[in-house]
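We did not get these values from a lab; they are worked out from the coordinates using the rules stated. Nothing here was measured: the structure is a model prediction, and the numbers come from that model. Note: ideal-geometry Cβ built from the backbone for every residue, glycine included; neighbour counts use all protein chains shown.
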Amino acid sequence: MTKKPIILGIESSCDETAAAILTEDKNGKPIILSNIISSQVNVHKEFGGVVPELAARSHLEKIDLITKKAINDSGIKTNEIDAVASTAGPGLVVCLSVGLSFGKSFANCLKKPFIAVNHLEGHALSPKLNAKLNYPYLLLLISGGHSQYLCVNDLGSYQRLGTTIDDALGEAFDKTAKLLNIEFPGGPQIEVLAKKGDPNRYKLPKPIINRGGCNLSFAGLKTAILKLSKTIKSEQDKFDIAASFQETIKQIMYKKTKVAFDEFEKLTKNKNKKFVIAGGVAANKELRMMFSNICNEREYEPIFPSIELCGDNAAMIAMVGLEKYKNKEFNTLDYAANPRWQLDQNAKFLKGAGVKL
């Protein structure tokens, strides 16, 4: 029987130190043997956000231990690993460098192939860890640093249909939480508070809702929340702001997703109507329900990673590594970190003042 490849994945792009061991069964279905994630919440809590230097130091302190635990928990021996896949970008360069250097050194010691992985490609392929997924498909990547609609044509082949021109969706959640004095990381708590509030109390702006195709903008919404936060007199006010914010996000994403469906169908001639929603914000249950509803309306199949695979993790990095290993797509050990590595290399940079849509 032919030995199935065993891939070690390493992730350190921001504030999670992670390592995972991945293989596949006889039918080619991925099997996660271990997936260890060490969060740095307590490191950054007092600062209300991620401090790059502290994050990098924490990665240095933990990466060896986390990798050893991933290998031990997987039940395999170190010399059985066939390749090492490490996140090379995008992300914080001081953090990326830790995992990238560690992964290259590990691969060199084992005399096994090294694979540099785009963190966003990890999110793009993460649903393959728990669902059968064929190309092409429409991807919405929503996380703390990225918000974009992409047509995923194949491994390594992406066409961006729309992106944020300012804040990412996860960033908007986190900043709103901070304005409401919710302890870091506050983004996920917005959903909790929203359940206690009136989603129709405040009418909030929906920037570029009727223009710009499926591009997104959240800065104006954040500014409106800033002004409202200064009027808070009770806990109920806070709950209502959270509920109104989340409802506004739902309305924005509903409208923009319909536009993305139209763009995707023009490109693919209605083939394989599957819609993948990935990234940390994909764990929001209210948004999941909204995306599922719009998929029912347009006869798309909604596909979400499991909740534990929505945030940053190494299993998704190993997933890309597995796919690239089978294609013999390896990298040299002098591969450099790329903190602004785009999935669509031809896409224009759309952030900053003066952006024309």
Taking 0.36 nm per residue of separation between residue 78 and residue 267 and subtracting their Cα-Cα distance, the length gained on full extension comes to 63.6 nm
Looking at 182, 251, 303, which one has the Cα that reaches farthest to the positive end of the dipole of segment 134-304 (charges on Cβ: Lys, Arg +1; Asp, Glu -1)?
251
Within 10 Å, count the other beta carbons around each residue, average over each peptide in 109-122, 202-215, 5-18, 224-237, and list them highest first.
5-18, 109-122, 202-215, 224-237
In whole Å, how far is the Cα centre of segment 1-65 from that of segment 226-281?
28
Estimated FRET transfer efficiency (residue 336, residue 42; beta-carbon r; R0 35 Å; 0.05)
0.65
Taking the 0 to 90 degree range and rounding to the nearest ten, how far is the long axis of helix 285-298 tilted relative to the main principal axis of the chain, both from C-alpha atoms?
90
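Taking the Cβ of residue 78 as the centre, find all other residues whose Cβ is under 14 Å away and add up their charges (Lys, Arg: +1; Asp, Glu: -1). List each step's numbers first, then the result.
Details: positive: 68, 69, 77, 111, 112; negative: 64, 73, 80, 82.
So the surrounding residues net to +1.
Which of the GluC sites (Glu not before Pro) found in segment 165-216 are loop residues per DSSP with 14 or fewer other Cβ atoms within 10 Å of their Cβ? Mind dumping the intermediate values first?
Working: sites: 171, 183, 191; in loops: 183.
For GluC sites (Glu not before Pro) across segment 165-216 that sit outside H, G, I, E and B with at most 14 neighbouring Cβ atoms in 10 Å, the list reads 183.
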Computed over the chain, the relative contact order (Cα-Cα under 8 Å, seq sep at least six) in percent reads 24
Excluding same-chain residues fewer than 8 positions from residue 326, which aspartates and glutamates have a Cα within less than 19 Å of its Cα?
24, 25, 80, 82, 121, 154
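Grab the beta carbon distance between residue 229 and residue 109, set R0 = 56 Å, and tell me the FRET efficiency rounded to 0.05.
Details: r = 52 Å, r/R0 = 0.92.
Given R0 = 56 Å and the Cβ-Cβ separation, E is 0.60.
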Over segment 134-304, relative contact order from alpha-carbon pairs under 8 Å, at least 6 apart, %:
27
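Would you work out if segment 134-304 is rounded, prolate or oblate? Take a ≥ b ≥ c from the square roots of the eigenvalues of the alpha-carbon gyration tensor; rounded if a/c is under 1.5, else prolate when a/b is larger than b/c, oblate otherwise. Can you show the working numbers first?
Details: a/c = 2.13, a/b = 2.06, b/c = 1.04.
It comes out prolate by the Cα gyration axes.
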To make sure I understand, if each residue's beta carbon is the centre and we count other beta carbons within 10 Å, what order do 268, 223 fall in, fewest to most?
223, 268
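What is the magnitude of the charge dipole of the chain about its Cα centre, with +1 placed on the Cβ of each Lys and Arg, -1 on the Cβ of each Asp and Glu, and no other charges, expressed in debye to the nearest 20?
Dipole magnitude for the chain comes out near 740 debye.
Run through segment 135-198 and list the trypsin sites (Lys or Arg not before Pro) located in a DSSP loop whose Cβ has at most 16 other Cβ atoms within 10 Å.
On the way: sites: 160, 175, 178, 195, 196; in loops: 195, 196.
Here the trypsin sites (Lys or Arg not before Pro) that fit, given the DSSP loop and packing criteria, are 195, 196.
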Going down the table (4/111; 4/324; 26/62), which pairs top 22 Å between alpha carbons?
26/62
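May I ask you to compute the full-extension gain from residue 329 to residue 210, defined as 0.36 nm times their residue separation minus their alpha-carbon distance, rounded to one decimal in nm?
Details: separation 119, 0.36 × 119 = 42.84 nm, distance 4.17 nm.
Length gained, residue 329 through residue 210: 38.7 nm.
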